[in-house]
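Enquirer: Pasting a structure here, questions to come.
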Amino acid sequence: MKYEVVIGLEIHVQIKTRTKMFTAAPYVYGAPPNTLTDAVVLGLPGSLPVLNHTAIEQCTKLGLMLNCEIAKECKWDRKNYFYPDSPKNYQLTQNEEPLCAGGKLEIELPGPSRNIEGEHRWVALNRIHLEEDPGKLTHGPFETTIDFNRAGVPLAEIVTEPDLFSSTEAVAFLNCLRNAIVYAGISDCDMEKGQMRCDANVSLRVSGSEKLGTRSEMKNLNSISNVKAAIEYEVLRQTEILEQGGSIVQETRRWDVESAQSFSLRSKEDAHDYRYFPDPDLMPVQMDSSRVAELKAELPERPLDKQRRYQKDLGLPFTITSVICVNRDLSEFFENALKTYYAPKQIANYIANDLLRELSSVSDYGESAHCVRQSMLTPSHIAILAKIIDEGVISKQIGKEVFVEMFQTGLMPDLIVERKGLSQSDDISEIESLCRQAISGNVKAVSQYKEGNEKALNALKGPVMKATKGKANPKILDQILKKLIDAQ
Amino acid sequence: MPNLYFKTIAELAVMLDAGETSSVAITQAVIDRARAVDGQVKAFLSFDVKDALKQAKASDQRRSEGKSLGLLDGIPVGIKDTLAVKDYPLCCASKILENYVSPFDATCILKLRKAGAVIWGRLNMDEFAMGSSTENSAYQTTSNPWDLEAIPGGSSGGSAAALAAGEAIATLGTDTGGSIRQPAALCGVVGMKPTYGLISRYGLVAFASSLDQVGPFARTVEDAAILMEAMLGKDPLDSTSIAPKGETGYASVLKNKKGPWKLGVPQEFFGEGIHPEIKSNIEKAVEWYKAQGCEIVNILLPHSELAVPVYYIIATAEASSNLARFDGVRYGLRSDDSKDALSVFTKSRGEGFGDEVKRRIILGTYVLSSGYYDAYYLRAQKVRRLILGDFEKAFDRVDAILTPTSPTPAFKRGERSEDPLSMYLSDIYTISVNLAGIPAISIPSGFTKSGLPIGLQIIGKAFGEADMFAVAHAFEQGHSYTRQTPNL
């Protein structure tokens, strides 16, 4: 029998706010344990939560970015369960009415090769709601410690419909989701820092069947490669059970990175009764529809929309747009450069190739695209470089050298050219005498050219360029060589 | 001339202004009185004489510099053990918070400090404010100063008894279902529960968040009004607090408003279960108002018979969640027997909570359970709205409502402690007021033949405190019950 895998994802994203969701305690990643707490975070007797409106705005932006319906009222429920990382032993969340309902995200599947664009499709979302992050438990061999720094950080939980049909699609979804969220400035989505966490619901059904099979929920997937591995493991495990005539038990499973296996945590029968009820400490907040409209108008262009526009309107190839469009800083850098000098292809090439190469050479983490803001290079550097090449001031060859120089020093390209005397030589007599030397020194190339081999000319250009340190104007050089050979 | 410790805030303010006494003298009188009688009354769980005198000295210093903060400056106010006072124990008369010290002041305490009041001691109560006799304290049983064999009422029994015995000039309590008004009635003092939201709940250890309110105990209506004026107001730390509407200069307004008023008398509050002496006492009070020219209107509160069951669903549901934070993990009692996370929870809570608290947590957990939520919690919320509707309809026709505060006078210790249901009925006349979120005051209206105090409850409209105080003040002026003191 042939099976089809059906996947639904639940993604928790830490929303970037200065302070926590229900108190003025700040949050920054990596602070010493239990230093970012206060009476509310620790659930001290008599403390009460007070809403951080920025968290609601950010989650509203997220919902709008993902085409959700925004609720008219923002309400809070208590989810009751005992766990040592939960300071109040209930979590403030939105059970009955999520802030964002429905929604969909366009995803791009991998193409047949890296240079070829893959298929696009829309993945349906169920909801996005806000909740507070619990603390963090660290299990040692003899004791478990609790850090409440993370407790109370605003979390958006994004729930998809069971609308993903392979681990590849799940990975593509997560990548596109992350791009969209980072684009909108809602979160940095750094999975290593726990800013984005994923659970996957995986089930199998006989191919062609409409009915969903029994699912298992994979917890603790803290990297995209773990999501992929856990889903693939689960597909094999479930297939094996079904093929042996068994049936899948609805359960929660924990992915273990070390052994690359999942283990059962609890079955449906052991599921918690969370005893949800409306939180009596927080009043429902009316959503201001004009503010929602304002937030919608402020949304950035979605990454895949931008990619389409660059391809269609600017004629950029996928190999370039796929690099520039995934990163908002890069694409803004690109668009700002165009304002100084409109040469989309040249500038895009500089960004996608030279700029990223230079950035990654100075970055410790290989996350080169993130440091474009820190770089001394501005959009006008690249725009002016493209301009002086187009104007024939320097050759493309010299341009590469100028690029490295300006990246390292922050000096404008025209200044570098002037200081180093890099502008192209138009001194015809000098070029002509060098050309004569080249022609007499390589009789073979000359005869090949005469037989119709245009490329043979390059062997003659080389020594001239070398002698002028690349400054010979290639057009003039070409003309002189041809003229001299023809005159022979 | 009565002793300083039996004087009112208003009287002492005049004496202080005239230089006839000092805050240190008043505070010392209260301290000496407490030392003399608290061995019998047992109203205080603890008090800090040094700190009280330090505050009193500071008050006298201010006054000598002409910087008096007003009527409350220098007045010792006793505090129920459920209100957070910085660096004072905060135990809610429970073993689970034994040795817990609050790192912050409740908002109402901060406001009293700003008015110059001397924050005085920790007053006994039913554990977590659950009870009507103060017998549920984990530490001691408080006596009624009028009959040391009798209970003082509850849950704010310590606050009522301390005031009646002259161990404070005024006290603070909290009222979730009658916990201020019932003990005030039983101890022969004034006790008032404000409109829900008028006083911040920040720093009040939550029992049932949607019902809990802080309120004053005082010797006179005027004193209660003075305390209310100092404490009310919207608090950024409590989302359920509300800016006052209508008149708030209660202490001056109550003297100017002379009626006659339209006063409602609900027939449902004089039926089965009421003590005959209380019935005739309240009927006499009604007659008095009539004789003053007030129009007496028979009103119906048909859903009030459902108030007790509705209360025990909503209050216990909220309590089961509010009290989940007392788990032995971050603060408070941790069982010596615990060896893992689960046993820290179960053993600490098992050892730390008393029977009544456990009973209510179990009840509340049950009514929120999946499958029962709709039948209990949701339905109770619907009936709660009907109860509020009854009051709204009545207040279309009347300015205030007159009822008994308690169906019986103070009963003997141990009389009802084995029968929770009969104990729950102690609050039959007070509970519906909390469910409706409206204000009510209990004032002394006479004594039984055996010399036990009786209380008259005057219920006002939402934010109708000014009228309610005026109606109460008029009765007080026409009688001499308020200034009676017990023989101790």
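Enquirer: Chains A and B: buried accessible surface, both sides, probe 1.4 Å, rounded to 100 Å²?
Expert: Looking at A and B, the buried total is near 2700 Å².
Enquirer: Can I ask one more? Quote the charge dipole size of the stretch A:301-420 about the Cα centre in Debye, to the nearest 20; the model charges only the Cβ of Lys and Arg (+1) and of Asp and Glu (-1).
Expert: Roughly 320 debye, rounded to the nearest 20.
Enquirer: On a full-extension model of 0.36 nm per residue, what is the gain between A:TYR342 and A:TYR81, subtracting their alpha-carbon distance, rounded to one decimal in nm?
Expert: Fully extending the segment from A:TYR342 to A:TYR81 adds 88.0 nm.
Enquirer: Which residue, chosen from B:ALA470, B:LEU198, B:ILE274, occupies the Cα position most advanced towards the positive end of the dipole of chain B, where the dipole is computed from +1 (Lys, Arg) and -1 (Asp, Glu) charges on Cβ about the Cα centre?
Expert: Working it through, the farthest residue towards the positive pole turns out to be B:LEU198.
Enquirer: Each residue of the stretch A:137-151 in order: what ³J(HN,Hα) in whole Hz does its phi give by Karplus 6.51 cos²θ - 1.76 cosθ + 1.60, θ = phi - 60°, with x for Gly and Pro?
Expert: 3J(HN,Hα) across the stretch A:137-151, in whole Hz: 8, 10, 8, x, x, 10, 8, 10, 10, 10, 10, 8, 3, 6, 4.
Enquirer: Work out the length of the dipole vector of the protein assembly as shown about its Cα centre, built from +1 on the beta-carbon of each Lys and Arg and -1 on the beta-carbon of each Asp and Glu, and round it to the nearest 20 debye.
Expert: Result for the protein assembly as shown is approximately 1400 debye, rounded to the nearest 20.
Enquirer: OK, next. Could you pull out the longest piece of chain B with no exposed loop GluC sites (Glu not before Pro) in it, calling a site exposed if DSSP puts it outside H, G, I, E, B and it has at most 12 other Cβ atoms within 10 Å?
Expert: B:273-417
Enquirer: Place a +1 charge on the Cβ of each Lys and Arg in chain B and a -1 charge on the Cβ of each Asp and Glu, then give the dipole magnitude about the Cα centre in debye, rounded to the nearest 20.
Expert: 600
Enquirer: All other residues with a Cβ under 13 Å from the Cβ of B:LEU386 taken together, and with Lys, Arg as +1 and Asp, Glu as -1, what is their net charge?
Expert: +2
Enquirer: Can you tell me the relative contact order of the stretch A:3-293? Whole percent, Cα pairs under 8 Å, sequence separation 6 or more.
Expert: 25
Enquirer: Work out the charge dipole of the protein assembly as shown with +1 on the Cβ of Lys and Arg and -1 on the Cβ of Asp and Glu about the Cα centre, then indicate which of B:VAL214, A:GLN311, A:ILE7 is farthest towards its positive end.
Expert: About the Cα centre, the residue reaching furthest to the positive side is A:GLN311.
Enquirer: Something else: Mind listing which chymotrypsin sites (Phe, Trp or Tyr not before Pro) in the stretch A:209-273 are in a DSSP loop and have 10 or fewer other Cβ atoms within 10 Å?
Expert: Here no chymotrypsin sites (Phe, Trp or Tyr not before Pro) fit, given the DSSP loop and packing criteria.
Enquirer: Something else: Do any GluC sites (Glu not before Pro) in the stretch A:225-334 lie in a loop, going by DSSP, with at most 12 other beta-carbon atoms within 10 Å of their beta carbon, and if so which?
Expert: A:GLU258
Enquirer: In whole percent, and with a 1.4 Å probe on the protein chains, what portion of the accessible area of the protein assembly as shown is carbon and sulfur?
Expert: Ligands and nucleic acids excluded, carbon and sulfur reach 51 percent.
Enquirer: Enumerate the amide H contacts of B:LYS80 below 5 Å, restricted to partners 5 or more residues apart or on another chain; note that Pro and chain-start residues carry no placed amide H.
Expert: B:LEU123, B:LEU172
Enquirer: Relative to the longest principal Cα axis of chain A, at what angle does helix A:456-467 sit, 0 to 90 degrees, rounded to 10?
Expert: The angle comes out near 90 degrees.
Enquirer: Hey, another quick one. Grab the Cα-Cα distance for B:ASP374 and B:LYS86, subtract it from 0.36 nm times how many residues apart they are, and report the gain in nm with one decimal.
Expert: 99.6 nm
Enquirer: If you keep only loop residues by DSSP, which trypsin sites (Lys or Arg not before Pro) in the stretch B:25-97 have at most 11 other Cβ atoms within 10 Å of their Cβ?
Expert: Passing sites in the stretch B:25-97 are B:LYS67.
Enquirer: Using only the alpha-carbon atoms of the stretch A:374-468 as identical scatterers, what base-10 log of I(q)/I(0) does the Debye formula give at q = 0.11, 0.22 Å⁻¹?
Expert: After summing over all Cα pairs, the log10 values are -0.45, -1.01.
Enquirer: With no other cysteine's Cβ closer than 4.7 Å, which Cys residues of chain A count as lacking a disulfide-compatible partner?
Expert: A:CYS59, A:CYS74, A:CYS176, A:CYS189, A:CYS198, A:CYS325, A:CYS371, A:CYS435
Enquirer: At 7 Å along the Cα-to-beta-carbon direction for both B:ALA18 and A:LYS450, put a label point, then send me their distance in nm to one decimal.
Expert: Once both label points are built, they end up 13.4 nm from each other.
Enquirer: Could you report the accessible area of B:TYR377 in Å², rounded to 10, computed with a 1.4 Å probe on the protein chains as they sit in the structure?
Expert: 10
Enquirer: Let me ask you something else. Under the Karplus relation 6.51 cos²θ - 1.76 cosθ + 1.60, θ = phi - 60°, what is the ordered set of whole-Hz ³J(HN,Hα) values for the stretch A:221-234, x standing for Gly and Pro?
Expert: Karplus-based 3J(HN,Hα) across the stretch A:221-234 equals 9, 9, 7, 5, 5, 5, 4, 4, 5, 5, 5, 5, 4, 5 Hz.
Enquirer: Determine the order of A:TRP122, B:TRP120 by accessible area, beginning with the largest, at a probe radius of 1.4 Å.
Expert: Sorted descending by solvent-accessible area, the residues read A:TRP122, B:TRP120.
Enquirer: Grab the other residues whose beta carbon is less than 13 angstrom from that of B:TRP261, score K and R as +1, D and E as -1, and report the net.
Expert: Taking every Cβ under 13 Å from that of B:TRP261, the sum is +3.
Enquirer: Determine which residues of the stretch B:340-355 fall in the zone a paramagnetic label at A:GLU269 would reach in this model, i.e. backbone nitrogen under 13 Å from the point 7 Å along Cα→Cβ.
Expert: none
Enquirer: Can you give the Rg to Rh ratio for the stretch A:3-293, taking only C-alpha atoms and Rh from Kirkwood?
Expert: Rg/Rh for the stretch A:3-293 comes to 0.97.
Enquirer: Determine, from the Cβ-Cβ distance of B:GLU283 and A:SER209 and an R0 of 51 Å, the FRET efficiency 1/(1 + (r/R0)^6), rounded to the nearest 0.05.
Expert: The pair B:GLU283/A:SER209 has a calculated efficiency of 0.10.
Enquirer: If packing is taken as the average number of other Cβ atoms within 10 Å across a peptide's residues, how do A:42-48, B:248-254 rank, most packed first?
Expert: Answer by packing, highest mean first, reads A:42-48, B:248-254.
Enquirer: Could I ask something else about it? Could you work out how far the C-alpha centroid of the stretch B:134-203 sits from that of the stretch B:412-488, in angstrom?
Expert: If we compute the Cα centre of each part, the gap is 11 Å.
Enquirer: Still on this model: Helix-only mean residue ellipticity at 222 nm, chain A, DSSP H runs n ≥ 4 weighted -39,500 (n - 2.57), per residue, nearest 500. What is it?
Expert: -12000 deg cm²/dmol
Enquirer: Mind running the shape call on the stretch A:301-420? Use the C-alpha gyration tensor, a ≥ b ≥ c as the square roots of the eigenvalues: rounded below 1.5 for a/c, prolate if a/b tops b/c, oblate otherwise.
Expert: oblate
Enquirer: I would also like to ask the following. Once phi is turned into θ = phi - 60°, what whole-Hz ³J(HN,Hα) does the Karplus curve with 6.51, -1.76 and 1.60 give for every residue of the stretch A:302-318, x standing for Gly and Pro?
Expert: 5, x, 6, 5, 5, 4, 4, 5, 4, 5, 6, 7, 9, x, 7, x, 4
Enquirer: For the stretch A:171-326, calculate the relative contact order in percent as a whole number, restricting contacts to Cα pairs under 8 Å that are 6 or more residues apart.
Expert: Value for the stretch A:171-326: 17 percent.
Enquirer: Here is a further query. Quick one: which residues, 5+ away or cross-chain, put their amide H under 5 Å from the amide H of B:GLY153? H built at 1.01 Å from N.
Expert: Placed amide hydrogens put nothing under 5 Å from B:GLY153.
Enquirer: Restricting everything to alpha-carbon atoms, can you work out Rg to Rh for the protein assembly as shown with a Kirkwood hydrodynamic radius?
Expert: With Rh from the inverse mean 1/r over Cα pairs, Rg/Rh is 1.16.
Enquirer: Here's a follow-up. Taking the dipole about the Cα centre of the stretch A:428-487, with the C-beta of Lys and Arg at +1 and of Asp and Glu at -1, give me whichever of A:ILE476, A:MET465, A:GLY441 is farthest to the positive side.
Expert: Final value for the positive-end residue is A:MET465.
Enquirer: Per DSSP helix of 4 or more residues, -39500 (n - 2.57); summed, then divided by the residues of chain B. What does that give at 222 nm, rounded to the nearest 500?
Expert: -11500 deg cm²/dmol
Enquirer: Over the stretch B:443-488, what is the relative contact order in whole percent, taking alpha-carbon pairs under 8 Å and six or more residues apart?
Expert: 37
Enquirer: Name the residues of the stretch A:37-51 whose accessible area, probed at 1.4 Å, falls by at least 50 Å² once all protein chains are in place instead of their chain on its own?
Expert: Residues losing area: A:LEU44, A:PRO45, A:GLY46, A:LEU48, A:VAL50.
Enquirer: Taking 0.36 nm per residue of sequence separation and subtracting the Cα-Cα distance, how much length would be gained by fully extending the chain between A:GLN286 and A:ARG373, in nm to one decimal?
Expert: 27.6 nm
Enquirer: Where a Cα-Cα gap under 28 Å defines reach, which lysines qualify for B:LYS42, not counting those fewer than 8 residues away within the same chain?
Expert: Once the sequence-local lysines are set aside, what remains near B:LYS42 is B:LYS7, B:LYS50, B:LYS54, B:LYS57, B:LYS80, B:LYS86, B:LYS95, B:LYS111, B:LYS193, B:LYS358, B:LYS412, B:LYS449.
Enquirer: Any idea of the accessible area per residue across the stretch A:308-449, 1.4 Å probe, to the nearest Å²?
Expert: Each residue of the stretch A:308-449 exposes 51 Å² on average to a 1.4 Å probe.
Enquirer: Then there's this: On a C-alpha basis, how far is the centre of the stretch B:262-323 from the centre of the stretch A:392-443 in Å? Whole number, if you could?
Expert: Comparing the Cα centres of the stretch B:262-323 and the stretch A:392-443, I get a distance of 99 Å.
The values are calculated or read from the model by the stated rules, or taken from the named source; none is laboratory data. Computed from a predicted model, the values in this text were never measured in an experiment. Cβ coordinates were reconstructed from backbone atoms using ideal geometry, including for glycine residues, and neighbour counts include every protein chain displayed. Remember, those area values only see protein heavy atoms, side chains included, never the ligands or the DNA or RNA. Shrake-Rupley method; radii C 1.70, N 1.55, O 1.52, S 1.80 Å.
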